[in-house]
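A short worksheet on the structure shown next.
The values are calculated or read from the model by the stated rules, or taken from the named source; none is laboratory data. Just so it is clear, the model here is predicted, and its values are computed rather than measured. Neighbour counts are summed over all protein chains in view; Cβ atoms, including those assigned to glycine, are modelled from backbone coordinates with ideal geometry.
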Amino acid sequence: MRASQRARGEDVDLVDALLSADERRRSSSVRFDELRSEQKQLGKLIPRASGDEKAELLKRAGELSAAVKAADAAQDEAAEETQRLLLRLGNLVHPDVPVGGEDDFTVLETVGTIRDFEAEGFTPRDHLELGQLLGAIDVERGAKVSGSRFYYLTGVGALLELALVNAAIAQATEAGFVPMLTPALVKPRAMEGTGFLGQAAENVYHLEKDDYYLVGTSEVPLAAYHMDEIVPAERLPLRYAGFSPCFRREAGTYGKDTRGIFRVHQFDKVEMFSYVDPADAEAEHRRLLEWEKQWLTGLELPFQVIDVATGDLGASASRKYDCEAWIPTQGKYRELTSASNCDEFQARRLSIRMRDGKHVKPLATLNGTLCAVPRTIVALLENHQQEDGSVRVPEMLRPYLGGRDVLEPVAG
RNA sequence: GGAGGCUUCGCCUAGUCUGGUCUAUGGCGCCGCACUGCUAAUGCGGUUUGGGGUAACCCCCCAUCCCGGGUUCAAAUCCCGGAGCCUCCGCCA
């Protein structure tokens, strides 16, 4: 446990403090139970007693009442402290995860073939240029209306998003996911329980007046969906495909990915979310990855799969696989999807449990991107562009675009 | 935004005015047993949920009547605050 926390850069003293607070919670709870038990005994005797005997009992009851109150307060305080410390702790890291920062990931596999534009005899345009030629993306007016990192998808761009979303939902439904349209505003508990109010808090939009948070992913409402519930083991796995807008402050990314729609404050995303028996979590994690690979392969995008390093995991994941698509004009692979195994981390914080026979225990939650729209559009436009600025539509997507097989530049 | 009503152990429900024997009633459902030569009917018993004690079981303790405070020796019950749902009015895509 400590090695894991150290790998995350967390203080091992935190673990010790947590353990001692929990012990305090436990012992104060026992004391409270004892006092309360005696108090209840008295409660039965008093109505039957009379005279001196009753006065005596009432005296003792008065003392007990004060003691119970004190014990109750001690119990609450210890429980609160335990909870406070617990919330600061990230999930345990899977032992196989590569140790290090953002750049210390391991490449697990590479899929597809990168196009050689030089051999094809032209220089690829970047996604923004292509988007403008196609009349699909308008970032100038996005900035005029809402500021930097905002955009309009126009014409065929809007159609492309709808096609992608429909195709993604179709794939997920086929795989047995229940399609879900989720709230984009959530209460603090949902945000905290999914682990987004720790170090990631600065990337979250908060509506102070109403104390609502804007979700950065539908993972949040999908995880909180079964909050405070006990799910019968035979109903697992539960799989949901959420579609929602996602809002991200992108704090600390000044000057990074400023061109086009690669990194934006608002976008739509289809997300897979699974509730499983913890024993099945690793297998489900691989299944989520397979569905992501199926999706990217269907879109005919070259990509690599990485095992994200410890320092880049976030608070809730014990392990994370990213699929990174090749972006020709950047000359590198960039994250398109991300599948996280959160084990029991979120379930404990949201009090989501499973009933297995007579036992009740936390279950495991996992999430994986199926289609984050703007980035997928970036990858599609750049990888499938042709010399004249048109863009070939991968076969899989054509039924969702009215049979269209190529997106043509518009005049003006 | 304004007014009113509601919230009890899976579902429905009694209880709240009048605090203690509420260790929460009854029905449905569910589980077990018995009986009947079949899964039906009937009878009997069990059935809130969570935490702790226990190697485990029996069992015992605590909490739990939407949530949080308060009054009291004692709260499902009285007081204050909040949430959710419903109805009506206003506003609105």
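Considering A:Ala74, A:Ala55, A:Ala70, the condition of being within 14 Å of RNA strand B (Cβ to nearest atom), in contact with a helix residue (DSSP H, G or I) (Cβ under 7 Å, 6 or more places away or on another chain), farther than 30 Å from A:Lys320 by Cβ and aliphatic (A, V, I, L, M) is satisfied by A:Ala74 alone. Within segment A:79-93, the set of residues being touching a residue at least 60 places away in the same chain (Cβ under 8 Å) and either exposed (fewer than 15 other Cβ atoms within 10 Å of the Cβ) or more than 13 Å from RNA strand B (Cβ to nearest atom) (or both) comprises A:Glu81, A:Leu85, A:Leu86, A:Leu87, A:Arg88, A:Leu89, A:Gly90, A:Asn91, A:Leu92, A:Val93.
The residues of segment A:310-342 that are on the phi < 0 side of the Ramachandran plot, more than 17 Å from the chain's Cα centre (by Cα) and in a loop (DSSP other than H, G, I, E, B), listed by number, are A:Pro328, A:Thr329, A:Gln330. Among the listed residues A:Asp76, A:Asp72, A:Asp96, A:Asp52, identify the single one that is surrounded by fewer than 13 Cβ atoms within 10 Å (Cβ to Cβ) and assigned to a helix (DSSP H, G or I). The conditions single out A:Asp52. Taking residues in segment A:41-59 that are on the phi < 0 side of the Ramachandran plot, and partners anywhere that are in a loop (DSSP other than H, G, I, E, B) and more than 6 Å from RNA strand B (Cβ to nearest atom), the pairs with Cβ atoms closer than 7 Å and at least 6 places apart or on different chains are A:Leu57/A:Ala49. Restricting the search to strands (runs of 3 or more DSSP E) fully inside segment A:174-262 and requiring at least 1 residues that are within 17 Å of A:Glu344 (Cα to Cα), modelled with pLDDT under 90 and out of contact with any Asp or Glu (no Cβ under 8 Å at 6 or more places or on another chain) gives A:230-232.
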